[in-house]
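The values are calculated or read from the model by the stated rules, or taken from the named source; none is laboratory data. Everything numeric in this text was worked out from a predicted model, so none of it was measured. Cβ placement follows ideal geometry from the backbone for every residue including glycine, while neighbour counts extend to all protein chains displayed.
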Ligand code: CAA
């Protein structure tokens, strides 16, 4: 399928140059938070990228300087119950697995806040290049939740179990130096422009190699995680069960009402 047939989206901007498709999540007024529209468009975009003959690699980024993605859309989350919460997690996990299994190299250019679903999206990409103002974090516990788009699984594999426990249980924010040290970021650049130059340089090196070899290398590296399905299943089940708790209602209401939550443990 030639690039000229590139679809257009409401919440994403796609631009292809020299074989590299730059996909920008474009909801800057909500810090590019992932609502259902963004997720379904991301899925559609990656189906197109997979088929588009002119696209050989991908850069995923967020619009503006302030955020890559500030997480799942908390306004949408606040209405979930145990069933719809589990369904939401399974849907997001499927879409992020589609990105992880893309047979063309995918780099996340992570600028500013990459929180919750934003860190999870970056973790689903093959490589992460961050800017100096990056802030990674999985703060879902502060909403009475857990990460639901694969974060409990992918973060653990990238940073190890002990560090994943610390980061998910505290929900604390991680700046660029620490992200680099943990291997959460492959490299750090001084600005978004420099990060883009690094991403293009890395992808250009990758694209000098055979496309079939790249596809099989991605498949083989992903296969090192075979047997991972049970972990994702548990994450979705637990995410759903948390959506039925008073702590979740309190956590999401407190965010939307711009106040600190007061959790009852129920
Ligand atoms: N969902 C919905 N809206 C969001 C959002 C989110 N995750 N993050 C930010 N926004 C909105 C804010 O509500 C605000 O909208 P209004 O102007 O209409 O009030 C706008 O974006 C700008 O945000 P702030 O005014 O809060 O900006 P700030 O500079 O004061 O703070 C921030 C920035 C620290 C990133 C703060 O916005 C924040 O804490 N956001 C939420 C982060 C978070 O908890 N993410 C995890 C979500 S849960 C999740 O992702 C679950 C999952 O795994 C599936």
Residue match in region 67-74 (condition: assigned to a helix (DSSP H, G or I), over 23 Å from residue 15 (Cα atoms) and touching a residue at least 60 places away in the same chain (Cβ under 8 Å)): yes
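Answer yes if at least one residue in region 94-112 is near the ligand (Cβ under 7 Å from one of its atoms) and either surrounded by 24 or more Cβ atoms within 10 Å (Cβ to Cβ) or in a strand (DSSP E or B) (or both), and no otherwise. Steps first, answer last, please.
Quick first cut of region 94-112, residues near the ligand (Cβ under 7 Å from one of its atoms) only: none.
Looking for residues that are near the ligand (Cβ under 7 Å from one of its atoms) and either surrounded by 24 or more Cβ atoms within 10 Å (Cβ to Cβ) or in a strand (DSSP E or B) (or both), one finds none in region 94-112, hence no.
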Residue within region 190-210 that is touching a strand residue (DSSP E or B) at 6+ places or on another chain (Cβ under 8 Å), touching a residue at least 12 places away in the same chain (Cβ under 8 Å) and not in a helix (DSSP H, G or I) present: yes
Test for residue 53: is it more than 26 Å from residue 148 (Cα to Cα) and either outside the structural domain of residue 200 (by TED's automatic domain parsing) or more than 14 Å from the chain's Cα centre (by Cα) (or both): yes
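Go through the residues of region 75-93 one by one and say whether even a single one is surrounded by 20 or more Cβ atoms within 10 Å (Cβ to Cβ), assigned by TED's automatic domain parsing to the domain that holds residue 157, under 29 Å from residue 213 (Cα atoms) and in contact (Cβ under 8 Å) with a residue 60 or more places away in the chain.
Our first condition is that a residue be surrounded by 20 or more Cβ atoms within 10 Å (Cβ to Cβ); within region 75-93, this holds for 77, 80, 85-86, 88-89, 92-93.
Checking which are assigned by TED's automatic domain parsing to the domain that holds residue 157 leaves us with 77, 80, 85-86, 88-89, 92-93.
Retained after the next criterion (residues that are under 29 Å from residue 213 (Cα atoms)): 92-93.
This time we only want the ones that are in contact (Cβ under 8 Å) with a residue 60 or more places away in the chain, so: 93.
Looking through region 75-93, at least one residue is surrounded by 20 or more Cβ atoms within 10 Å (Cβ to Cβ), assigned by TED's automatic domain parsing to the domain that holds residue 157, under 29 Å from residue 213 (Cα atoms) and in contact (Cβ under 8 Å) with a residue 60 or more places away in the chain.
Results for (1) under 20 Å from residue 204 (Cα atoms); (2) surrounded by fewer than 16 Cβ atoms within 10 Å (Cβ to Cβ), shown as yes or no for each residue.
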residue	(1), (2)
5	no, yes
8	no, yes
12	no, no
16	yes, no
27	no, no
40	no, yes
Residues being in contact (Cβ under 8 Å) with a residue 60 or more places away in the chain and either surrounded by fewer than 24 Cβ atoms within 10 Å (Cβ to Cβ) or more than 10 Å from the ligand (Cβ to nearest atom) (or both) - total across region 124-154: 14
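Test of understanding: among 262, 253, which residue is without any contact (Cβ under 8 Å) to a residue 60 or more places away in the chain, out of contact with any strand residue (DSSP E or B) (no Cβ under 8 Å at 6 or more places or on another chain) and either part of a loop (DSSP other than H, G, I, E, B) or surrounded by fewer than 17 Cβ atoms within 10 Å (Cβ to Cβ) (or both)? Walk me through it before giving the result.
Working: 253 fails: without any contact (Cβ under 8 Å) to a residue 60 or more places away in the chain.
The unique qualifying residue is 262.
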Members of region 31-55 that are more than 16 Å from the ligand (Cβ to nearest atom) and either in contact with a strand residue (DSSP E or B) (Cβ under 7 Å, 6 or more places away or on another chain) or over 25 Å from residue 208 (Cβ atoms) (or both): 41, 44, 45, 47, 49, 54, 55
Complete set of residues in region 23-46 that are touching a helix residue (DSSP H, G or I) at 6+ places or on another chain (Cβ under 9 Å) and part of a helix (DSSP H, G or I): 30, 36, 39, 40, 42, 43, 46
Unmet criterion (only one of (1) assigned to a helix (DSSP H, G or I); (2) over 20 Å from the mean Cα position of the chain (by Cα); (3) without any contact (Cβ under 8 Å) to a residue 12 or more places away in the chain) for residue 227: (1)
